[in-house]
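In what follows, a single structure is set out as structure tokens and then discussed.
Read the figures in this text as sums done on the coordinates, not as results from a lab. Since we're looking at a predicted model, the values are computed, not measured. Reconstructed Cβ throughout: ideal geometry from the backbone, glycine too, with neighbour counts over all protein chains shown.
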Amino acid sequence: MWGYVRLELIRSTRDGGYVIFGIVMPVVMYLVFTNLGLAPGDRHDAAIYTMVSMAAYGALGGAFNNGSGIAEDRAAGWLRRLRLTPLTPAQVVAGKVVTGIVGVVPSIAAVLLAGVLVNHVTLAPQRWLAIVVLLWAGTVPFSLLGLGNGYRLSGQSAAMANIATMLTLAVLGGLWVPIANFPSWLRAVAEWIPSNSYAGLSWRVAFGDVPTVRQVATLSAWLLAFGVYAVHGYRRAGRRA
Amino acid sequence: MSCPEPYRSIYSDRGRPPTVVTVTTNTPHAVSLTSATKHFGPVRAVDGLTLAIPRGQTVALLGPNGAGKSTTIALLLGLLAPDSGRAVLFGLAPEQAVRRGLVGAMPQEGGLVPRVTVRELLAFVAGTYAAPLPLDQVLALARIGDLRDRRVDRLSGGQAQRVRFATAVCGDPVLIVLDEPTAALDVEARREFWDGMRGLASRGKTILFSTHYLEEADEHADRVVVLGHGRVVADGTSAEIKRAAALTTVSVTADGESAWLAALPGVRHMEIRGGRVHLRSADSDATVMALARAGAVRELEVVPADLEDAFVALTAKENA
């Protein structure tokens, strides 16, 4: 299985979509946004807030890109080919999930590093640790949604669906523009959006609070829903592959 | 569908057993399909197919498009489950045989994943097997040493096909299954492909390949299994199939009443075209002798069958 993960990670590094949406764009947007002063608070607070937003945005890009890869693999006959190797289907699925989990690390790391090196963000070590863990673990629901789309849809439409979903979640979740700037009705909607809960965990921690129960509950509910969606998609794909 | 036991009609006059190959060992067959049936909607893609392949044989699965070759292969690899009947590899369920690394396969299309080099792909596939071949040996076998650092999504058709072949053999499996390995290749690429294959057969592997190129079956297989409408319509060496099914054509010029010629020994079918009588004969020697005795040898012409004729005769029989 580790050979499979290794192969998939090699493929990711050569995937322009992953590198651009998952790593380059979030860093560039981070640097642009912080210099335009779109975030609330003073310059240092804005640098922290936007750092979390853009790390979350990049992680979303990585997670969804992994899901699009599944549809591409199926179209290329690769999933069928894998069934003719000694790998078990469970190993293949686990390998893809691990690839997704490892694949979001560079996205998060790149933005956090830009925060430290360019915008001179300083945080207590335990807060750094908490942010990294929350940003990382919180991608699981989005990985599952991306995989579900990848299993259910054909190559092109899966990629389109994943990019559209990712951008919608980024905008509505307040990753680009903080939801404090939204009209009140839109803000009410945004609070139920999983990407808002996801980034919200780290926003709270970054400014010295603990995540709210509502954030944890919302994200957990979406985790469950997307998990069911992914498993259902996989079962359907298994019958066709 | 008037002949449910196709071999019988082919071999009955010779008293041959239906299957040419006999096995004397106790070890399970490499491949064993028993009365396997697979429907796709109303279409019976595989229709009660029984086939046993002992270890070490190179077998060609020959048939026109739609004969059920790919479905048969998907059944025996465990990619599809039969509606009824059984597929067994080395005494195991196909999935288990695949898990144990006994099988290397090349599906008809696809299977090359984008954005990896030939070497990375082969190292990965080989790594899933317990005792793979060394990479250099695989590259030499498939004649792709010069492609090792090329991206697999940037290969020509012939190159890609050889890489796909390499992925089927790199784990050093005992059974190698190739579904139309040379489809869509030009003559040159096909020749290169079979050059690589020859090295493998000499290593004692069991090889099953499907093709609709008759000369490939003729040249590269120990045994040819002809499929038509999801059933085995003939099974034997290519020489036996030619002899048994593709009748030699004996032609003479005849005038007057010639219907009696159809009753000559060996004659199975008669056709009269422009004063020439064409007799399709299962025993051309006997037919010619009888013609001579009857004094009917006029502008005699004897044309032996090739596998193409056999193939047409066999599959046409299925259609009748």
### Message
Tell me the relative contact order for chain B as a rounded percent, counting alpha carbon contacts under 8 Å between residues six or more apart.
### Response
20
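What number does region A:1-120 give for Rg over Rh if you use C-alpha atoms and the Kirkwood radius?
Details: Rg = 17.2 Å, Rh = 15.4 Å.
Rounded to two decimals, Rg/Rh equals 1.12.
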### Task
Evaluate E = 1/(1 + (r/R0)^6) for A:Leu36 and A:Ala124, where r is the Cβ-Cβ distance and R0 equals 35 Å; express this FRET efficiency to the nearest 0.05.
0.80
### Query
Based on the Cβ-Cβ distance from A:Phe182 to A:Arg43, what FRET efficiency comes out when R0 is 22 Å, to the nearest 0.05?
0.45
### Query
Amide H of B:Val116: which non-local residues (sequence gap of 5 or more, or other chain) have their own amide H closer than 5 Å, using H built in the peptide plane?
B:Val152, B:Asp153
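Hull surface divided by four, with the convex hull built on the Cα atoms of region B:247-304: how many nm²?
Working: hull surface 13.1 nm².
Mean orientational projected area (region B:247-304, Cα hull): 3.3 nm².
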### Query
For the protein assembly as shown, what is the percent of antiparallel DSSP beta bridges, rounded to the nearest 5?
65
#### Entry: Partners for B:Lys242 among aspartates and glutamates (Cα-Cα distance below 17 Å; same-chain residues under 8 apart left out)
B:Asp13, B:Glu215, B:Glu216, B:Asp218, B:Glu219, B:Asp222, B:Asp283, B:Asp285, B:Asp306, B:Glu308, B:Asp309, B:Glu318
### Summary
Relative to chain B, whose Cα atoms define the longest principal axis, helix B:307-319 and its Cα axis are tilted in degrees, nearest 10, by 80
### Message
Given 37 °C and 0.692 mPa s, compute D for the protein assembly as shown with the Stokes-Einstein relation, Rh being the Kirkwood radius over Cα pairs; round to the nearest whole µm²/s.
### Response
119
#### Entry: Inter-site label distance for B:Ser251 and B:Ile272 at 7 Å from Cα along Cβ, in nm
1.7
### Task
Please report, in Å, the Rg and the Dmax of region B:6-243, where both are computed over Cα atoms only.
17.7, 58
### Query
Label points 7 Å out from Cα along the Cβ direction at B:His39 and B:Val312: separation in nm?
3.5
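Out of every Cα pair in region B:187-296, what percent are spaced more than 19 Å from each other?
Values: 3532 of 5995 pairs.
Cα-Cα pairs of region B:187-296 separated by over 19 Å account for 59 percent.
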### Message
Shape verdict for chain A, please, from the Cα gyration tensor: rounded (a/c under 1.5), prolate (a/b greater than b/c) or oblate.
### Response
prolate
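Work out the FRET efficiency for A:Ser220 and B:Ala183 from their Cβ-Cβ distance, taking R0 = 51 Å, and round it to the nearest 0.05.
On the way: r = 51 Å, r/R0 = 1.00.
The value I calculate is 0.50.
With respect to the cross-link table entries A:Lys96/B:Lys205; A:Lys96/B:Lys69; B:Lys38/B:Lys205, which display a Cα-Cα separation exceeding 30 Å? Kindly include the intermediate steps, with their values, before the conclusion.
Values: A:Lys96/B:Lys205 33 Å; A:Lys96/B:Lys69 32 Å; B:Lys38/B:Lys205 28 Å.
Flagged as over cut-off: A:Lys96/B:Lys205; A:Lys96/B:Lys69.
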### Task
Nearest 5 is fine: what % of DSSP beta bridges in chain B come out antiparallel, could you say?
65
### Query
How far is helix A:105-117 tilted off the main Cα axis of chain A, in degrees rounded to 10, range 0 to 90?
20
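For the protein assembly as shown, what does the helix formula give at 222 nm: sum of -39500 (n - 2.57) over DSSP H segments with n ≥ 4, over the residue count, nearest 500 deg cm²/dmol?
On the way: 23 runs with 287 residues, N = 561.
Taken over the protein assembly as shown, the calculation gives -16000 deg cm²/dmol.
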